Structures are given as C-alpha cells and as structure tokens.
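**Student:** Sharing a structure here in structure tokens format.
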There are 4 protein chains.
Amino acid sequence: MKIKVGIIGATGYAGAELVRLITSHPQAEVAAISSVSFEGKALSAVYPSYIFLNDMICEKADTVVDKSDVIFAALPHGLSQDLAKECFDKDKIFIDLGADFRLESEEDYKEWYGGEYKDKELHAKSVYALPELFRTQIKGKKTIANPGCYTTGVPLALAPAVVNGLVEIVGIIADCKSGATGAGRGLSQNAHFTDLNEGFHPYKVACHRHTPEIEQTLSHLANESVKITFVPHLLPVNRGILSTCYARLKDGVTDEQIRKAYEDFYKDEYFVRLLPQGVAADIHNIKYSNFCDISLHTDSRTGTFIAVSAIDNMVKGAAGQAIQNMNILFNLDEKTGLDIIPPAF
Amino acid sequence: MKIKVGIIGATGYAGAELVRLITSHPQAEVAAISSVSFEGKALSAVYPSYIFLNDMICEKADTVVDKSDVIFAALPHGLSQDLAKECFDKDKIFIDLGADFRLESEEDYKEWYGGEYKDKELHAKSVYALPELFRTQIKGKKTIANPGCYTTGVPLALAPAVVNGLVEIVGIIADCKSGATGAGRGLSQNAHFTDLNEGFHPYKVACHRHTPEIEQTLSHLANESVKITFVPHLLPVNRGILSTCYARLKDGVTDEQIRKAYEDFYKDEYFVRLLPQGVAADIHNIKYSNFCDISLHTDSRTGTFIAVSAIDNMVKGAAGQAIQNMNILFNLDEKTGLDIIPPAF
Amino acid sequence: MKIKVGIIGATGYAGAELVRLITSHPQAEVAAISSVSFEGKALSAVYPSYIFLNDMICEKADTVVDKSDVIFAALPHGLSQDLAKECFDKDKIFIDLGADFRLESEEDYKEWYGGEYKDKELHAKSVYALPELFRTQIKGKKTIANPGCYTTGVPLALAPAVVNGLVEIVGIIADCKSGATGAGRGLSQNAHFTDLNEGFHPYKVACHRHTPEIEQTLSHLANESVKITFVPHLLPVNRGILSTCYARLKDGVTDEQIRKAYEDFYKDEYFVRLLPQGVAADIHNIKYSNFCDISLHTDSRTGTFIAVSAIDNMVKGAAGQAIQNMNILFNLDEKTGLDIIPPAF
Amino acid sequence: MKIKVGIIGATGYAGAELVRLITSHPQAEVAAISSVSFEGKALSAVYPSYIFLNDMICEKADTVVDKSDVIFAALPHGLSQDLAKECFDKDKIFIDLGADFRLESEEDYKEWYGGEYKDKELHAKSVYALPELFRTQIKGKKTIANPGCYTTGVPLALAPAVVNGLVEIVGIIADCKSGATGAGRGLSQNAHFTDLNEGFHPYKVACHRHTPEIEQTLSHLANESVKITFVPHLLPVNRGILSTCYARLKDGVTDEQIRKAYEDFYKDEYFVRLLPQGVAADIHNIKYSNFCDISLHTDSRTGTFIAVSAIDNMVKGAAGQAIQNMNILFNLDEKTGLDIIPPAF
C-alpha cells in the first residue's frame, strides 16, 4: 500500500512541486492537499500545467492531517509549530519545509525570525534533516525540519573541506545566486517580469535569514562555532541556486588532498555529483532534479579555495529533499521517485 | 526483457532528449548511441547534465543498428534513407525523426528538400506516424516517419474542425512560435544568446519545409487538397511551440458544435488536453511533457475560428512522440515512460 | 525657452518613459509630474535608474496642469476626460496616452470600455493622432488622442496595402505579440517572472479593446467599414510588439506593386523603415527607439499577403509617438528628441 | 568642426556600440569603419538595427586611420600594437579597447596573454585610462589603453576603501557576473541561447586575464602590491556586470567612515552613482548608460566590507568609457554624448 501523503500549503511553489514529485513516486500518493488562499478550489485552477493530472480540491489543514500518514507543510514561518504538535500527538510524521524547526537555538530563532518556540520538548525531538550530512539522525524521528535552499547548497559545497580541516573557518564567504522561484508565487515588485528580466542584484546583503542556519550546519561539521558572510542575489531564471563559496586554504593543503576529501566524503551519495576537473557547476545541468553538482577550484595565487555548488532550489532545495527524507523515514531507497535525469536543455 | 533502443544522432537535441526519455522508460533501455561529430566521446561530455547518469560512448551507426531492436534516427534530411533500408533488411524497426519518409509525394520532397526517394518500395511501406490521427496505420510497420514539431502542433489544433467540416479549408493560417531548441544544437547567429534574447521575429515566412507536411495531413483529414499559409517565429525560450491557427467558420456553426466535435475527437487521447473555456493554451504548461494543450476560441464578429495548441517541440514534437510510436509498435500502453506531469514553473 | 511638459501618471510605465525621453529632448523640459500612488515621493524612488537624474517629487495633477504648457496623461481609461476639459479651458495642450479620446464612436466606447463621453463637443474637437496616417489633422488641435500600441503597429503594417486597394479588407488577421511592459507596472500573475518566463500564450483572444481602434483606422484608410480578427500574445521580453498581419491579395496584384505602394507611402516617413527583401522585422532591432520596422512577404501558393511590423510598445507605441505629436503641434522637426539609434544588442 | 572618429573592428560588439554612441555625439562623427570579417559590407547588414541610420561600408584599417583624427580599435589582443605605432607616427590619437597596452608589466602580459611588447618606448608613453582613478595622467597622451569591463567595475567598487586604507588588502574577493555581450558576437557554445538561457555558471575561475589588470589598478591605489581572487560568471542577460567585492574591514572602521570616504572620493564624478543606504546596485538600472552604480554594505557579524558595483559592460565597460577618454583628450565636458538616462525597464 502506498504512503498517504498530505500537503499543507499546496498552492505555494514548494507545495506544488511536492504534488508533482509525489504523483510520480511509485510508493506514495497524494492523499489530500490544503491551501488557505485557495480552499475549495482545484490545484489545477492555480497551476494549469496540472490540469486533468491533479484536479484535487484544496481542503482544510486538519482534514489533510487526518487523511495522511506523512504531512508535508510549506508554510510561512511561525505557522508550522501547532501543526507539528498536532501531527506528533496523532503519531504522524511531519516534514516541515518552513523554518520553524530548523534552528537549534531559540535565541537565533528569536533574533532572525522574531518568534519563539511554543513547545521546547517538541523542538528537542525534531531533527534537522540534510541527509548527506546528518542521515543517521533522521531515522525514527517524527518532526522533520527540511533545510532551506541556500542552506542546502552552501553546506554541501563546503562540508568535506570543513570536516577535514582543510580550510580556515574564519572568513568564509558564500556568494549565492537564486532563480525567481525562490521568491515564491506571491506577487512582488522584485519578481515582476520587467524588473527581474535583464536585471541582477543582491538582496538582504549579509542579513538573510538563512545565515544562522548555514552557520549551525557548518559549526556542527567543524565542531566549533563558524560565522560566515552570506550574500544572496536574484537571477533572471526560474530555477536553480548557484553558490560560489570562498575559504582560505590551510597552509600546505594541496588540490589533490581536497579532491580526495570530496571524493571520499561523497562517494556513496547518489545526489551529489562531484564534477571532474575542468567542468564548472552550472544550474543548467541540475534543473528539475534532486542533484547537487559541485565543482572544486583553487586560486593558488592567493591561497583561496573555491567550491561551487548548483542545486534546483525547488527540488534538492525544497520538495525533492523533503521526499528524500520521507524515503529515509520509510526505509525506502533514498532515490525512490527522485531518480530524475536533468534535461539537457 | 527490455526493448533495446539504438539512437543515431544522439548528440543533437532530439537525440539527447530520446536518451533522457528512454532512460526513464520502464520497458526500454538505451543499447547504443552514435554521433558523427562526437564519435568516441561520451554523451555526458557534450551534455554535462547527464554526467554519471549516461556516460555512454558514441559509436558508429552500424554498431548501433546491430545492438538494437529499434533504431531512432535524428539526422539531417537525406541521411536516413540508407539507414532505413539497412534496418528494414535486418528486420529492425526504424523510427525516423528526420524528414526523409514524411512526405508521400516524391515531387513534394524534391521541391522542398531537393532530394529523391532512393527506394520507392520502402517509402510505400513506411507510415506517417502521428498517433492521434493515424494510429491504426502504425501497427505492424517497420519504417516509421515521426512527424516534425510544427507538423504535430498545427494538425492537432485543427483536426476535429477539419474532419467534421466545420471550417472552410481555404484560407487557413497557422501563425506559429517556436522555442530556440527548434533551431538545434548547432551554433547559428539566430540562436546566439544576444541576438535571440529580447528579440522576436518570423523566419522562412510562407516557405518553411513543414508546409507540405502540414498540408498532407490536413488534406487526409479533409479528404481533399488543402493549402495553408504557415509562418513560423522564433521565441526567446528554450522549449515549446505555440500554434495560433485561424480558419473561417462555415455558416451556422456554433461554439457548442465545435467544442463538442473536439471533445468527441479527443475523448480517448491522453496526450491531448482540451482546455476548458477561458483557459488559453500556454507553452508554460506543457514543458518537458508529451501533452498537446488545445484551447478553442471564436471571433463571432468576423466568423473566424481560432484554435491554439501548445506542445513541447522536443517531446510531443520529436522524442516523446517517437517513443509513443515505439509503444504502439510494441503493444505497450502508449503513455509508458511518457506519463510526465509538466512542471508548474 | 523650452516647452514646459507636465506628466500625469508619471510612475506608470508610459509616464516614466515620457520623463526619460523628455529629459533628453532639446526643446522641452519636464516641469512637473504627478502620480496618485506615489504622491509626495520621488520618481527615482520608484525607478532607481533615474536616481540623481530625475529626483522630482510627484505632485497633484492640478499642480502639474498649472505648471505646464503641454500635459501628457498616462492614466487608466475613464480618468482623462475631466482633465482634458480642464486643460482645454485653460488653453493648454492635452496629449492623452489613454483610451478616452481614441474612439470616434461613443457606441464603441460604451461597448468596449463601458463608459460614456461626458463632453461630446470636446470629443468632436479632439484628434486621433497617428502622425504617419493622419498628420494633417493634428496641427492646431488641443486635445490629442495618442494611439495605443497594437493600434499603431497593425495599421502601419497594413496602411499602404489597404489605401491602395491591394488586399481584400474582409478576413484580415492581426496576430500580435507584445513584451511584458505592455502589461504595465502593476503586479499581476501574468507578469510574474516565473509565470511569463519560458512561457507564451495568447490573451483576450478576439476581444481585446484595441480591436475597434484598429478597425476605426483601417476603415478610414479603406474608406469603408473594416472588421479584423485580432489576437494578442504575451512575450517573455521587456519591450516590443511584433504584428504579423495577414490579408488576402486581390487578384493579379504583384509583389512589385505592393513594394512600390509601400515605398511611395512611406518614402518621407523617418520613423517607418521599410526593410529590404529578405530581412524580416524583429523587435530586437527597434528597442528603445521610435522606429516602426516593416517587412513584406507574400505567400503566392495561397494568395496571401503578410506584412510584419515591429515597434517598441513604450516608444512608438506610447511615449515616443506622444512626443512626435508634441513636436508636430509645436512646429518642431518631428524627430526632435527622437533621433535615437536602436542599440544593436 | 567635428572630431573625425575611425573605428577599427566595427562589427564586433564594442565596435558596433562605439558607432552607435559616436553617432549621437554632438562633437564627433564616424569618419570610417573597418572590419576584417565584413570588409566591403555595410555595418547595417551585420546589425539591422542600424539600417538607414548607419549604412557605412567596412573599409581597410589603413584607410580608417588616414580618414580619422582619433582611432578606436576593438581587436583581439596582439593586433593593436602595430596599429598603435602607425597612429603614433601619424600623430593621431589611438584609443585601444583591447588588452595590448593595459598591463604595465611586460612579464604579466607574457604570462597572461602570451605575447610581448614590440615597442617598449610606445608602451612607456601610453596611459591606462580609467578616468575616475587616473584622470590627470590621461591628458596629452596619444596611446590610450581603455580598461576592460571587469577591470572597470571592480576597482571602482573598491577604490575609496583601498585608497583610504579602510580594508585589508589581503584576501579581497571579486565575485563578478557578466551579461552575454561580454562573450562577444562570435558564436560559441557558451553563448548559444539554449545553453545560457536558464543557466548560470562561473568560468575561468581564478584564472581570467582581467586578474592582473585589476591587481595593477588596486596596487596603484593601495601603493603596495595587491593580489585578489577573481571569479567571473556568465549571466543570462544581454548587458551588465555586477561585481560583488569582499574585503576584511580594518579594526574600528565604521560604516560612517566608509560612506564618507566614498562620498568624498566620488563627489565630483558624474558617472559614479553612490546609492543611498538600502538601495542595492542592480544592472537593471544602468543598462545602456555610462553610469557605475555602487552600493555599500557591511557584515558587522564577520567584519566584512561588501561593495557592489553595476556597470553596462558595453558602455562604461568598453565603448562609453572610450568616448569619455576621447572627451578628456579633446578638452570636452566628459559627459558629452554620454549623458544618457538609463531606461527604467
């Protein structure tokens, strides 16, 4: 019998992408969907690409919970906590694509999001689920914090270098560029076609909410506190995040050492593709897939290590990774429903 | 056991798309690929999006034929005839994505392509395989002419109106707009980023080679000779063809009659989505899928019928339809490997 | 002394473009600007590209009228009539980029816009100012109806053929494609980056409000009532309208006759560029300029004439043409301030 | 009498942009143009946007030199040296948009470009002409090295901080993103529409030839040797370079100090627009103009200074700056012919 999946916030981009991917998943099926803005309407009325393929009607969140074994929530921050509790109490798995359970430190959450943790026990039982880095902690959990998009791309680019102490952890810079789906379905001047098309600019320079989340992950990997400089930019494309990450090489570290460290670290990771020397990561090559492509570069003139990662922000950066986590929780092969070949164009 | 598929011309766009789709096909597998330009090289060196997923080496065409049950060829016109003969003689199915077998009239082929039919018998045994229109003629054939992109979108938009005699067949106009993949992988000024981006223009106005092919199909449907005016344009997007087709309504024909005719004609066609009143066809909604979306409109002020179709030129307009034909030939469900939900963004 | 120009609705796209062009006009200067949405704010706060170049504050409409010799209004329909009256009474020139004075028939206005003419006398004194077609009627007028974008591109493409009776006036089709600025600065799902990018679709099929305006112009040119089929589409580019216009050739009309008619008709028109045989009109080549490029094609197989025009919808289709009209009214060389070379890329 | 301008390499992007800008220059005129690839052909046959506006025929380089007072050359590196000598001997001003005279150190030229300096004396007499930084050295020179695109954007972003010693000069990172015109008119897979569109990737990571040129400028400003890490990326837009530059703040330096330093440094520079706090530099806002927009940011959490600059790579990064240099050499107001308001969309 297939896993019954409920999707809360199905008409947002992450929710809609979840519907698409779950529908192609051989072991799961969409049992119910909800949307505050479009309750009572068909998902395919919002996204005509789904017409006749998924004409499910958006119901209330509670109904979705009741009909499902696993509940994915793609909600603005602050709205997941009660829902997570409800799921926990009903012994259902809750996979949160929002930010409410991502930060271990409530202080950080207060500072960056302005809210507080209503149920600290529940937070303590939740897990930050970036499978390639924290796989062993995910199994058996009920409350799953699915990482954000930048917060997936940057740590995956840097992890082997940080874990193996090949780079200085002071002075790390992540210069990231995201496609427009990152701005969501909601209308905004930033994502108005004429403003974004033929444009390119940074935003929330050094103050984006993904900063503490990236630092939390890197700190775990480094086993000490890491602070980074993180600057996101908005790209005039639909999908994809490219993260160009800079770190100072420790003395004497060679290119071979670095490459070896990455090869070892990711050798069993299907979704991480360590690109051969001479091929640079490009968002063009991972679109619509769950892959994270990584290319390694060094600037020997200045002793700088440069790791570039490319992910599809809606897949590995959101819905795909959430399904990868579901697969882990249900003891399925991680790539079930996610063995997508990225189109060549 | 899976169907062994050989792809001749695998490094062109249609060939590369075939590789991608066959790789996800549950009943078929890529047995061998060839490319004149990249012989001895890996497909993934040409298309890094396939890296680690398909690193097959391009071989010679003959090798591909020998290793395969069914051979797809995506070659410039003129190069398929010998290959088709070879396959026929070796009792293998040959699906041609090029133009060599599409036109029934050798005169037309001479006029529009400048070549001749080397083996008229083989041509007589081949079939023009647009499944929704000529399904019954496809089964049992060995030499399959897969339609072109415009020549799929325009006839599907007009077929029910033409078959049922609801429109005048004199004066039909097809104003079509194609994404840049239609221009192929080969470099050209037309497809140079800076030239196409923020640009839009018609090309080969009223003299594109797809004209006689569209007319051949419409003539079969109308049961009399049809001539159309066909003007293609180049769109600054990667994929998709939108065909806006105009025909004069016959006196007294109502909107209801037309819609009914389309509903009846396409009621069992999974890949044709007749859109509800008020939703216009958009290439955005069929990207990466084998669907042909059709919207119907009438201009009652002038008595003009307007049918708009949207297809992905690389899927329903090339590789996807070729696989649909393979499925028919091998008695598989037509949508095997093609039940793709078009992404919402 | 420079002409004092007032711009009402300066923060909309047409208004902002007027500011840009007037600022470079050697004989005119922006005296004052207004905006309902941004009253009290600087224009450069809305459009940072103008920062330090035009930091004027948006005032009230009345103030703008008082400070100016000529008032340009770029307002939603229905809002220009009172303003036009005020300007007329104060003996100031009023150039309306909206629709309130474009249609001669109040019946048409009621049917397509749902309003009525408050001051019929004023309407009778106004002029529809498409210079290349109605130049002699413009001089001396006080209330100027500046044509819309599609309504400039389509008539210019067809005028010489229609005036000279070379084509049938029954069955004309205008298949038009507009860039996203046509949808305005206001946020809408249609113009949301992710929806429009990699998309293409028709809208308001055969029911766009520019239909009666195009017909009015063509009827004047043909000297009899003309009805057309008009289908606009939305292009994923910022600027430009390409109009592909189809008409049935009258018997015996030759390509040479047609070209000669166009050459004669436009021989003194700086802003109309009749392209040489073999060069197709492309929005790429007229961006940011006041030119209307026209290419001529015939489909001799079906007896169809195809005229393709390309204009920048914000310049020749709005602000540029309005300034061209101002130049006429003030006895300036028409190209004053408008002799812009379209960038090659 | 107008300055007679000759343009060598007029059919490349920089050359074509020079033609456009000089044509609008009130004190200069294009006297002659040359092109190796298109000799004997009209420029407007290559760029139809110039049709009827500049239909000059491409001549030989020598003819261009003879007809002109000032010669602009936009040639691949290695081809300017002889031409510069010829101009010098004929007492004509030579403005080189190529790289042959940019590097003071012949060693660097050998290392990065693989050539040598044929006439060391001529090199000694040439000047590196980035007006905002080296204005006083430009006047009176005959051989002008016009800076490259990245090499304009990065130093302008950093100059006031470096000159005033507000940042550490070790560890500077320039993460740059360029539009497709940077790749030139020549066809390449990188600039093939389908490859670049919906793609984004770095190239020549830490090994781009502009590296030593940026370092040369920063070293002059710092008065000591500076090495930087420079990573360019290719953006799917036509024009614009955004440079996100990172440097470690010296202890105790405040935001106010930095802003004050920038305000003072650029207070008389028309072409540098220091954006107000809260407005980030965006290539959208400087398109088609000679402006360099700069926004300042600090990451107080990590002590990192972030300066972001946006230029149009074809104008301030090439043709516009070359004309700015011409204006200086001919004692014209620097903004003559360059007082362009960047379009708002």
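The values are calculated or read from the model by the stated rules, or taken from the named source; none is laboratory data. Note that the structure is a prediction, hence the values are computed from the model and not measured. Here Cβ is always computed from backbone atoms with ideal geometry, including for glycine, and neighbour counts include all displayed protein chains.
**Student:** Just to confirm my filter: which helices (runs of 4 or more DSSP H) fall fully inside the range B:20-94 and include at least 1 residues that are within 14 Å of chain A (Cβ to nearest Cβ) and crowded, with 16+ Cβ neighbours inside 10 Å?
**Tutor:** Those helices (runs of 4 or more DSSP H) span B:43-46.
**Student:** Here is a list: C:GLU256, C:GLU213. Which entry is out of contact with any helix residue (DSSP H, G or I) (no Cβ under 9 Å at 6 or more places or on another chain), more than 8 Å from chain B (Cβ to nearest Cβ) and either surrounded by 23 or more Cβ atoms within 10 Å (Cβ to Cβ) or of a type outside the set (S, T, N, Q) (or both)?
**Tutor:** Every option except C:GLU256 fails the conditions.
**Student:** Scan the range B:213-238 residue by residue and report those that are under 14 Å from B:ILE172 (Cβ atoms) and not polar (S, T, N, Q).
**Tutor:** Scanning the range B:213-238 gives B:ILE214, B:GLU215, B:LEU218, B:LEU221, B:ALA222, B:GLU224, B:VAL226, B:LYS227, B:ILE228, B:PHE230, B:VAL231.
**Student:** Please go through the range D:248-275 and pick out each residue that is part of a loop (DSSP other than H, G, I, E, B), closer than 18 Å to A:ALA206 by Cβ and touching a residue at least 40 places away in the same chain (Cβ under 8 Å).
**Tutor:** Across the range D:248-275, the qualifying residues are D:LYS250, D:VAL253.
**Student:** A further question on this structure: Looking only at residues in the range D:45-64 that are touching a helix residue (DSSP H, G or I) at 6+ places or on another chain (Cβ under 6 Å) and in contact (Cβ under 8 Å) with a residue 12 or more places away in the chain, which one is farthest from D:PHE330 (Cα to Cα)?
**Tutor:** Here the answer is D:TYR47.
**Student:** Another question, then. Hey, does the range D:110-126 have a residue that's closer than 29 Å to D:THR11 by Cα and crowded, with 24+ Cβ neighbours inside 10 Å?
**Tutor:** Checking the range D:110-126: not a single residue is closer than 29 Å to D:THR11 by Cα and crowded, with 24+ Cβ neighbours inside 10 Å.
**Student:** Specify which of the listed residues (B:LEU103, B:LEU196, B:LEU83, B:LEU97) is touching a residue at least 24 places away in the same chain (Cβ under 8 Å) and out of contact with any helix residue (DSSP H, G or I) (no Cβ under 6 Å at 6 or more places or on another chain).
**Tutor:** The match here is B:LEU83.
**Student:** Only residues that are surrounded by fewer than 23 Cβ atoms within 10 Å (Cβ to Cβ) and facing chain D (nearest Cβ under 9 Å): list them for the range A:184-203, please.
**Tutor:** Matches in the range A:184-203: A:TYR203 only.
**Student:** Something else: Name the residue that is nearest to B:ARG135 (Cα to Cα), counting only residues in the range B:238-274 that are in contact with a Cys (Cβ under 8 Å, 6 or more places away or on another chain) and β-branched (Val, Ile, Thr).
**Tutor:** B:VAL272
**Student:** Right, something else. I'm trying to understand the selection: among the residues of the range D:184-224, which are closer than 16 Å to B:LEU196 by Cα and assigned to a helix (DSSP H, G or I)?
**Tutor:** Residues satisfying the conditions are D:GLN189, D:ASN190, D:ALA191, D:PHE193, D:THR194, D:ASP195, D:LEU196.
**Student:** For the range C:151-183, which residues satisfy the criterion of being surrounded by fewer than 24 Cβ atoms within 10 Å (Cβ to Cβ) and within 30 Å of A:ASP195 (Cβ to Cβ)?
**Tutor:** C:ALA183 - this is the single residue of the range C:151-183 that is surrounded by fewer than 24 Cβ atoms within 10 Å (Cβ to Cβ) and within 30 Å of A:ASP195 (Cβ to Cβ).
**Student:** Any chance you could count how many residues in the range A:289-312 are touching a Pro at 6+ places or on another chain (Cβ under 7 Å), over 24 Å from D:THR211 (Cβ atoms) and either more than 10 Å from every other protein chain (Cβ to nearest Cβ) or assigned to a strand (DSSP E or B) (or both)?
**Tutor:** Matching residues across the range A:289-312 total 0.
**Student:** Residue check: is D:ASP282 away from chain A (no Cβ under 11 Å), touching a residue at least 24 places away in the same chain (Cβ under 8 Å) and either in contact with a Pro (Cβ under 8 Å, 6 or more places away or on another chain) or aromatic (Phe, Trp, Tyr) (or both)?
**Tutor:** When the stated conditions are applied, D:ASP282 does not pass them.
**Student:** Okay, moving on. Of the residues that make up the range A:238-245, is at least one assigned by TED's automatic domain parsing to the domain that holds A:ASP299, out of contact with any helix residue (DSSP H, G or I) (no Cβ under 7 Å at 6 or more places or on another chain) and at pLDDT 95 or above?
**Tutor:** Yes, the range A:238-245 contains at least one residue that is assigned by TED's automatic domain parsing to the domain that holds A:ASP299, out of contact with any helix residue (DSSP H, G or I) (no Cβ under 7 Å at 6 or more places or on another chain) and at pLDDT 95 or above.
**Student:** Same structure again: Is it the case that the range B:291-303 has a residue that's within 15 Å of the chain's Cα centre (by Cα), without any contact (Cβ under 8 Å) to a residue 60 or more places away in the chain and surrounded by 24 or more Cβ atoms within 10 Å (Cβ to Cβ)?
**Tutor:** Taking every residue of the range B:291-303 in turn, at least one turns out to be within 15 Å of the chain's Cα centre (by Cα), without any contact (Cβ under 8 Å) to a residue 60 or more places away in the chain and surrounded by 24 or more Cβ atoms within 10 Å (Cβ to Cβ).
**Student:** Determine whether D:GLU132 is surrounded by fewer than 24 Cβ atoms within 10 Å (Cβ to Cβ) and within 14 Å of chain A (Cβ to nearest Cβ).
**Tutor:** no
**Student:** Checking the conditions here, which among A:CYS149, A:CYS207, A:CYS176 is under 30 Å from A:ARG248 (Cβ atoms), without any contact (Cβ under 8 Å) to a residue 24 or more places away in the chain and of a type outside the set (Ser, Thr, Tyr)?
**Tutor:** Residue meeting the stated conditions: A:CYS207.
**Student:** Is it true that B:THR181 is in contact (Cβ under 8 Å) with a residue 40 or more places away in the chain, of a type in the set (Val, Ile, Thr), in a helix (DSSP H, G or I) and more than 12 Å from chain C (Cβ to nearest Cβ)?
**Tutor:** no
**Student:** If you go through the range D:261-270 one residue at a time, do you hit one that is over 24 Å from D:HIS25 (Cβ atoms), more than 12 Å from every other protein chain (Cβ to nearest Cβ) and touching an Asp or Glu at 6+ places or on another chain (Cβ under 7 Å)?
**Tutor:** For the range D:261-270, residues over 24 Å from D:HIS25 (Cβ atoms), more than 12 Å from every other protein chain (Cβ to nearest Cβ) and touching an Asp or Glu at 6+ places or on another chain (Cβ under 7 Å): absent.
**Student:** Still on this model: Can you find even one residue in the range A:32-41 that is touching a Pro at 6+ places or on another chain (Cβ under 9 Å) and not basic (Lys, Arg)?
**Tutor:** No, because not a single residue in the range A:32-41 is touching a Pro at 6+ places or on another chain (Cβ under 9 Å) and not basic (Lys, Arg).
**Student:** If you don't mind, another one. Considering each residue of the range C:221-247, count those that are in contact (Cβ under 8 Å) with a residue 60 or more places away in the chain and away from chain B (no Cβ under 14 Å), and give that number.
**Tutor:** 2
**Student:** Of all the residues that make up the range D:114-135, how many are of a type in the set (Phe, Trp, Tyr) and in a helix (DSSP H, G or I)?
**Tutor:** Within the range D:114-135, residues that are of a type in the set (Phe, Trp, Tyr) and in a helix (DSSP H, G or I) number 1.
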